[in-house]
1. Please verify whether region 349-369 includes one or more residues that are over 27 Å from ARG130 (Cβ atoms), touching a Phe, Trp or Tyr at 6+ places or on another chain (Cβ under 7 Å) and assigned to a helix (DSSP H, G or I).
2. Of all residues being polar (S, T, N, Q) and in contact (Cβ under 8 Å) with a residue 24 or more places away in the chain in region 29-81, which is farthest from GLY378 (Cα to Cα)? Just the residue, please.
3. With a cut-off of at least 3 residues that are at pLDDT 95 or above and in contact with a Leu (Cβ under 7 Å, 6 or more places away or on another chain), name the helices (runs of 4 or more DSSP H) lying wholly within region 62-163.
4. Which residue, of ALA245, ALA230, is within 18 Å of THR125 (Cβ to Cβ), at pLDDT 95 or above, in a helix (DSSP H, G or I) and small (Gly, Ala, Ser)?
5. For region 274-283, indicate whether the set of residues that are outside the structural domain of ALA424 (by TED's automatic domain parsing), under 24 Å from THR119 (Cβ atoms), crowded, with 20+ Cβ neighbours inside 10 Å and in contact with a Leu (Cβ under 6 Å, 6 or more places away or on another chain) is non-empty.
6. For the subset of region 28-61 comprising residues that are charged (D, E, K, R) and modelled with pLDDT of 95 or more, which member is surrounded by the most Cβ atoms within 10 Å (Cβ to Cβ)?
7. Suppose we filter GLU340, GLU287 for residues that are out of contact with any His (no Cβ under 8 Å at 6 or more places or on another chain), away from the ligand (no atom under 15 Å from the Cβ) and within 15 Å of VAL112 (Cβ to Cβ); which single one remains?
Amino acid sequence: MNFSTSKALHDEALNHIVGGVNSPSRAYKGVGGGTPVYMDHGKGAYFWDVDGNQYIDYLGAYGPIITGHGHPHIAEAISNAAKTGVLYGTPTKLENQFAKMLKSAIPSLEKVRFTNSGTEAVMTTVRVARAYTGRNKIIKFSGSYHGHFDSVLVEAGSGPATLGTPDSAGIPQSVAEDVITVPFNDTDTFQKAMERWGDEMAAVLVEPIVGNFGIVKPHDGFLKRVNDIAHDAGSLVIYDEVITAFRFTYGSAQQIYGVTPDMTAMGKIIGGGLPIGAYGGRQDIMEQVAPLGPAYQSGTMAGNPASMASGIACLEVLQEPRVYEELDRLGERLENGILEKASEAGIPISVNRMCGALTVYFGTDSVENYDEADASDGDAFARFFHLMLEEGINLAPSKFEAWFLTTEHTDEDINATIEAAGKAFAAMTED
Ligand code: PMP
């Protein structure tokens, strides 16, 4: 494949944009370097780069793009919003409509508030939990990523882990001291931490199905125990469903596992590809938020008509029959096909999958927490990533990220991807 136009654009970008990218995960640092591919346009499950190369997209823009690129229903909603004004700085009825849609899909959201990003949504839940409990500490699971605000860039997964900076520079020691991290899926360590710090703990922050050191499901009963232990200590439970909301079911991970958090943060899919975040939860807790209460959060663009219209349209598409069954069916085919090709080539991998999202780990039998994901073979993944790219399969450039299917992927796309993986594994055995 020829990437010369991407390369020229990237050389130019390096002169103007720090690191050449506006989000660090987009650089190919996590896959041994190379020029990030510059996309030109997309349609459905495909996108085309500036050199004219076509790809099947499994990046899904790191999660939001579940209905494929340029979905006509969403495009129409955005285009209508563009024509009638994208921002007024006043409330609009779209905000009510969308808030009602979210509430009926996720019953624990007694009240919601829209933000512009997942980071803002999670950040505010932490502030509100501190305001509500009068406590400062939070506890999170190592390798989970909750956005780029100070408190959560401690043992963070996803981009920070990929770039070797799970503990970001620039975080005051005083902030880091209030953040406790424990391994995911380890109830005993969580319990011990809560025995020690429980009476200072404002909240536990949980990605109920992890998406940021690959897709990692909670062990049976883990989420329920975390809820019970936190509540016994008077701490709140915040679910970060920025990836998981509407990814695996029309609703959220909390419904899949039958566990109810006090607050939930969302983002990604609920914007249909436009910038968005949202948080919500128990009414008495949400009443801490201004203008009703003393915890401040605001946003010039928050609840803007374009993001609302796009989000509503996206959820309408996801309400169509059999969306999640089909994502699951294709996801299962992809998982089985990749495992089969790897085994034929004698390449040791394991696959974690939930519905239409999966992660392929090299050199491991199973991954159930961050340390196991971290121990997976990054060099092998990097080689696989570049070989797949050459075959026209676009994956996220990190061993810690998920592959995301969309409603537009077809059996033919899955066949082509399995075929490409077979070729990539075969090439790896020849190295
Ligand atoms: N929480 C989780 C679980 C995420 O995966 C992300 C983004 N990858 C965020 C929060 C931050 O969202 P945003 O990038 O929209 O700020």
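1. No: zero hits.
2. Across region 29-81, the extreme among qualifying residues is ASN80.
3. Numbers: elements: 72-84, 93-105, 118-133, 158-162.
It comes to 93-105, 118-133.
4. Details: ALA245 fails: in a helix (DSSP H, G or I).
It is ALA230.
5. Kept after step one, since they are outside the structural domain of ALA424 (by TED's automatic domain parsing), are these residues of region 274-283: 274-283.
Filter once more, keeping what is under 24 Å from THR119 (Cβ atoms): 274-282.
Of the ones still in play, those that are also crowded, with 20+ Cβ neighbours inside 10 Å are 274, 276-281.
Still in the running and in contact with a Leu (Cβ under 6 Å, 6 or more places away or on another chain): 280.
Scanning region 274-283 turns up at least one residue that is outside the structural domain of ALA424 (by TED's automatic domain parsing), under 24 Å from THR119 (Cβ atoms), crowded, with 20+ Cβ neighbours inside 10 Å and in contact with a Leu (Cβ under 6 Å, 6 or more places away or on another chain).
6. Here is the first cut: in region 28-61, the ones charged (D, E, K, R) are 29, 40, 43, 49, 51, 57.
Checking which are modelled with pLDDT of 95 or more leaves us with 40, 43, 49, 51, 57.
Details: ASP40: 14, LYS43: 13, ASP49: 22, ASP51: 17, ASP57: 26.
If we take residues in region 28-61 being charged (D, E, K, R) and modelled with pLDDT of 95 or more, then ASP57 is surrounded by the most Cβ atoms within 10 Å (Cβ to Cβ).
7. On the way: GLU340 fails: within 15 Å of VAL112 (Cβ to Cβ).
One residue alone meets the criteria, GLU287.
So that you can scan it fast, the table gives a plain yes or no per residue for (1) in contact with a Gly (Cβ under 9 Å, 6 or more places away or on another chain); (2) of a type in the set (Lys, Arg); (3) within 16 Å of the ligand (Cβ to nearest atom):
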position	(1), (2), (3)
GLY32	yes, no, no
GLY52	no, no, no
LEU59	no, no, yes
THR92	yes, no, no
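The values are calculated or read from the model by the stated rules, or taken from the named source; none is laboratory data. In this text the structure is predicted, and so the values were computed from the model without any measurement. Heads up, the Cβs are rebuilt from the backbone with ideal geometry, glycines too, and the neighbour counts pull from every protein chain shown.
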